[in-house]
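Notes to accompany the following structure.
Values in this text are rule-based calculations from the coordinates and carry no lab data. Just so it is clear, the model here is predicted, and its values are computed rather than measured. Cβ placement follows ideal geometry from the backbone for every residue including glycine, while neighbour counts extend to all protein chains displayed.
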Amino acid sequence: MKEIRDIIRRYELADPEMECALATVVQVEGSSYRRIGARMLVFQDGTWVGGISGGCLEGDALRKSKLAMLQKKAKLIRYDTREDSSDSIGIGLGCNGLIDVLLQPIDRNDSSIENPILLLKKCSETRKAQILLSIISFPEDPSFEGQLFEEDHFFEQGLLDSSDSDDLNEAIHNSWSNKKSKIWSSKNIRILIEFIPPSIQLFIFGGQYDVYSLLQISNILAWKSNLIANLSKVAQTTQELATHCWDKNEIKENHKKLFNLIDKYSVAILMAHDYETDKEHLAHLLKCKSLSYIGLLGPKKRTDKILKTLGINEASNLERIFSPVGLDTGATSPEEIAISIVAEIRAHFSQRKGQMLRDRKGPINDRL
């Protein structure tokens, strides 16, 4: 989501007369540094924001994006990093993959088609996951190639017959269930079904100096941060870093106000360094069923004591509690501990174990 927000911000700040194109990775076979949904916004003056690789493909994509702008036509380009011939863009890369990139010229003045940047902005402004459909190829009507649609708006176009429409609906349902993007194709059309979740949202309970590092890292990632603390005891610096800052006493009187903001993409971190405070917050947070991750700072014995005191022993509650919070990296400083916490949260939402990649069996990323 951070890349999408950076693209939106740069687009809104740009001169409206400056032509631009959006490059999106729409299919990957084999290995690639970036995956489906990676984007870069290219401007006519040669500047860009975002990325579709680790830096090896951006220069060529920039040149081809300028051609797409000139022709005012979407293009699908393929990079084959498996080849090692002098004619191959992949020479010397050794990535061993095929990457398809869709180039979409952006016309700010054409209201007949959905502006993909504005559609991405709409997605970024909601706390709900979204499904976007990109037409990769459509020989029967090439004018639709490169267009991005919300699910409902796509079906309003009537581009598919009933049998294909039913099949696509089933594929969309599977993407929702698996929370993964996928390619769908029939005899005459190829579509990227892109699952776009909202950014992860942190609720940090604590006002000591170690919250600074966690807030800073979450801001870098464009995760939404909420700090719950006694405001009278929190330094001004922390308040500036937090997107929202809640007074602990206000929450104590009305937990429903906080619960209304918590969704299934939210996590809570208890780091007040006060036993009674953490115990009180945990008791309330466990009532919020949409919360799948509650991290507690401190030794396991401390958490066990809290759980015993509160009488918490149900497996459904225990599996939501991560304590001691963070991955086992040997972290000792607040900054290192914050990194280990963020890494564990990322692993949790990816349904990964957070192990060293060299010990992982099979490919790093799922194959579509």
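Within 14 Å, Cβ to Cβ, of Ser124, how many net charges do the neighbouring residues add up to if Lys/Arg are +1 and Asp/Glu are -1?
On the way: positive: Lys2, Arg5, Arg9, Arg10, Arg39, Lys121, Lys122, Arg127, Lys128, Lys224; negative: Glu3, Asp6, Glu12, Glu125, Glu150, Glu194.
Here the count lands on +4.
Ranking Trp48, Gly59, Cys245 by Cα position along the charge dipole of the chain, where only Lys, Arg, Asp and Glu carry charges on their C-beta atoms, puts Cys245 farthest toward the positive end.
Within the straight-line cut-off of under 18 Å between alpha carbons, the aspartates and glutamates reachable from Lys353 are Glu319, Asp328, Glu344, Asp366, sequence neighbours fewer than 8 places apart in one chain being disregarded.
Using only the Cα atoms, work out Rg/Rh for the stretch 2-196, with Rh taken as the Kirkwood radius, to two decimals. Here Rg/Rh amounts to 0.95.
Over 19 Å apart at the Cα level, from the set Lys128/Lys224; Lys128/Lys179; Lys180/Lys264; Lys224/Lys305; Lys2/Lys128; Lys128/Lys264, are Lys224/Lys305. Straight-distance candidates among the lysines for linking to Lys73, with alpha-carbon spacing under 20 Å and chain neighbours fewer than 8 residues away dropped: Lys64. How many angstrom lie between the C-alpha centres of the stretch 270-327 and the stretch 154-222? After rounding, the separation between the Cα centres reads 29 Å.
Each of Ser181, Ser340, Pro197 was placed along the dipole of the chain (beta-carbon charges, centred on the mean Cα), and the one lying farthest toward the positive end is Ser340. Packing here is the average count of other Cβ atoms within 10 Å per residue, and on that basis the peptides 313-319, 21-27, highest first, run 21-27, 313-319. Note on Ile113 and Ala331: the model spin-label points, each 7 Å out from Cα along the C-beta direction, lie 4.4 nm apart. Would you indicate which of [x] 36; [y] 25; [z] 29 is the value of percent of Cα pairs over 35 Å apart derived from the coordinates of this structure? Entry [x]. For the chain, the residue among Leu327, Val25, Leu297 whose Cα projects farthest onto the positive side of the dipole built from Cβ charges is Leu297.
Relative to the longest principal axis of the Cα atoms of the chain, helix 58-71 runs at roughly 50 degrees.
Once you sort the root eigenvalues of the Cα gyration tensor of the stretch 127-233 as a ≥ b ≥ c, which label holds: rounded (a/c under 1.5), prolate (a/b larger than b/c) or oblate (the other case)? It comes out prolate by the Cα gyration axes.
Angle, helix 275-285 long axis vs. longest principal axis of the chain, Cα atoms, 0 to 90°, nearest 10? Between the helix axis and the principal axis of the chain, the angle is about 50 degrees.
I'd like the orientation of helix 300-310 relative to the chain: the angle between its Cα long axis and the longest Cα principal axis, in ° from 0 to 90, rounded to 10. It works out to around 70 degrees.
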